[in-house]
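Enquirer: The structure's right below; bear with me while I get my questions together.
No lab work stands behind these numbers, since they all come straight from the coordinates. All figures in this text were calculated on a predicted structure; none of them were measured in a lab. Please note: Cβ atoms are built from the backbone with ideal geometry, for glycine as well, and neighbour counts cover all protein chains shown.
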Amino acid sequence: MAINPTWVLRWNDCIGAKPELPGVWRRRDGGFRIRGRTVEPKSGRLRGVNRALPDCKRAREAAAALEAELERIRANAPATVTARPRFDDWANTVFERKVASGAIASARGRDKWEWCLRVHLFPAFGAYFVDRITREDIERWKAHELLAERTKTKDEKRDRKLAGRRYSPQTANTILGVLRQVMAEAAETFNFHDPCSKVENVNRRGHRTYTYEEPNAIKPADVPRFLDEFRVRYADHYAFVFLGFTTGLRPSSLRPLRRRGPQADVKWDEGKLLVRRSHTRGAEVMDCTKTGADQVLDLDQRQLEVLRWHCDRLDKENEKRARRSPDLAVAMGASELLFPAAPTKWNRGGGFRSPSCLDRAFDDVATIVKLGYSVSPRCMRRTFQDLARAASVGDVVTRAISGHATPEMQRHYSTVAGNEQRAALAKVIDIATGLERRAA
């Protein structure tokens, strides 16, 4: 028979001062409170059990319930749990190795990995040993994190644009891709089955990056008036945009182009443009293109004229600047870049332009010329593909100029216009109806 205990307040409960059995305390309000700790196999850390059993009548029943809870935590504990690193330590090792080897070469690539690990993967798997992560863990996280619906505020619930998943399929698959690389290296290094091997990507069916209403490509007929207005409104950026539309080069390849110096990328006498660097963030530049292959473009005379006009304009503006701010003029004059950033209150100028420097200009010009659809600077690369088809440029030549590595990627960046489809269908109908044969 239990002796009347002295009651104490502990763990937000009124319990006996001493346990009746190890980990079992009688509650003043009836029943028992159980408390214990054991090592969790996935993380190798102590995990506690602390809860009330108000309907339990006997201390031995409470002790059995405690042991059952602890056993569930300990279930399938590996004999060599400490032989494997935790996910966060291993992921950092893989990340650092990829950066050191050049597999992750750009600042944007490092940012992508850092974001995926810090925001998504470390909170979900960081404390687990790599060989204790299961496919079920990953599928459960994928469903709750990547496939979850976006949480909307009361005012946002009426906005259709905000409906749907928290992340686009492309973003979700990017996160999964980082997880796959980390786990694949762990599985190979520590000789266990890769739990990601059977995890499928998020299905892209039903997701539209570009639509009929918003193709993010300017129709070839609208390009001349768009460029004309750009030259009037944003003359500083005109040569950049003109070159983007007429070569399809990535903005990250245009920003680091050098107009002078021992390694100038514009060969004025030969009329060539060397595309061999890439810029994604800050003052850091990658000494290769995104695909790793250098490009040599033989420019048209009209492109060279626009670039010379642009350089003359830069020099004349800097002469005026020298009278107002000689130190800023020196910084701009020392820059080798074809498209240097102008001085601001935050910097002296002459460095790389920001990746977002064209965003507002594109919005403004699209509104002024009444395009009827919104466009971003990314549309230059897509529009070039449509312009090249309209000019009957061969696909091989088009890819050699824009730098697309594969025909599939070129098609991905192309928007076939209605007049192209009608012309193709007319030829098919001519053959199907015998019109072509009768005309011959």
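Enquirer: Can you tell which of 123, 256, 215 shows the greatest fluctuation in a Gaussian network model of the chain with Cα springs below 10 Å?
Expert: 123
Enquirer: Relative contact order for the stretch 304-398: what is it in percent, counting Cα pairs under 8 Å that are at least 6 residues apart?
Expert: 13
Enquirer: Under the definition of Cα pairs under 8 Å and six or more residues apart, what whole-number percent is the relative contact order of the chain?
Expert: 11
Enquirer: Could you work out the longest stretch of the chain that avoids the chymotrypsin sites (Phe, Trp or Tyr not before Pro) located in DSSP loops with at most 10 other Cβ atoms within 10 Å?
Expert: 1-211
Enquirer: Continuing with the same structure: Which of these values of mean projected area of the Cα convex hull in nm² was calculated from the structure shown: [x] 36.0; [y] 19.4; [z] 31.2?
Expert: Read-out taken from this structure: [x].
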